[in-house]
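The values are calculated or read from the model by the stated rules, or taken from the named source; none is laboratory data. The structure displayed is predicted, hence computed values, not measured ones. Positions of Cβ are generated from backbone atoms using ideal geometry, with glycine treated the same way; all protein chains shown enter the neighbour counts. These area figures cover heavy atoms from the full protein model, side chains too; ligands, DNA and RNA do not enter into them. Shrake-Rupley method; radii C 1.70, N 1.55, O 1.52, S 1.80 Å.
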Amino acid sequence: MKLNQLSDNAGAAKKQKRVARGPGSGKGKMGGRGIKGQKSRSGVAIGGYEGGQMPLYRRLPKRGFTKPNAKHYAVVNLGLIQKFIDAGKLDIKADITEDAIIAAGLTKSKLDGIRVLAKGELKAKITLIVTGASASAVDLVAKAGGSLTVTAPATAAAE
């Protein structure tokens, strides 16, 4: 093989549309900008400008607050845990920890921890050890004869 025989894979390099390069291009003459007006000129930044009127984003009040250190949990439902037990992906003889849940493929990652919710039905007697759980999930696991232990989430100082 020689250098002049090398070529890219088909469809790997898409040709750029050449705007305002003659009538044959289909985007010639005015380059798709229409006739006259502010938007046909260069250096236009309209974004929210209402011709001097107080713009909408300044007329409306600022609301709400986003907590900068909020915890984000991966959510797993009890019904899904039962489904994975039935499929043989989770072993009920051993403790079901967060690492076992990830290894089984119930969730991709644990983020700040895994939180168990009570959606679905649980029949198996299991021992769950997770970062968080709803009160109804704890009741359902206890009703099935198992136990659910909630551990404290890992803090940034502990890591």
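For the range 39-114 versus the range 16-35, the inter-centroid distance based on Cα atoms is 42 Å. Heavy-atom accessible surface of T107, to the nearest 10 Å², is about 30 Å², with a 1.4 Å probe and all protein chains retained. What a 1.4 Å probe finds exposed on the chain is 53% carbon and sulfur by accessible area, rounded to a whole percent. Dipole size of the chain about its Cα centre, with +1 on Lys/Arg Cβ and -1 on Asp/Glu Cβ: approximately 1840 debye, rounded to the nearest 20.
Take every Cα pair under 8 Å whose residues are at least 6 apart in sequence, average their separation, divide by the length of the chain, and the relative contact order is 15 percent. Which one, (i) 2, 9, 19, 23, 20, 15, 8, 3, 1, 0; (ii) 1, 7, 11, 11, 8, 5, 4, 5, 6, 8, 10, 10, 8, 4, 1, 0; (iii) 2, 10, 20, 24, 23, 14, 5, 2, 0, 0, gives P(r) over Cα pairs in 5 Å bins from 0, in percent as derived from the coordinates shown? Evaluating P(r) over Cα pairs in 5 Å bins from 0, in percent on these atoms matches (ii). Note that the chain presents 78 Å² accessible area per residue, ligands and nucleic acids not counted, probe 1.4 Å.
Charged side chains reduced to their Cβ positions (Lys and Arg at +1, Asp and Glu at -1) give the range 102-155 a dipole of some 120 debye around its Cα centre.
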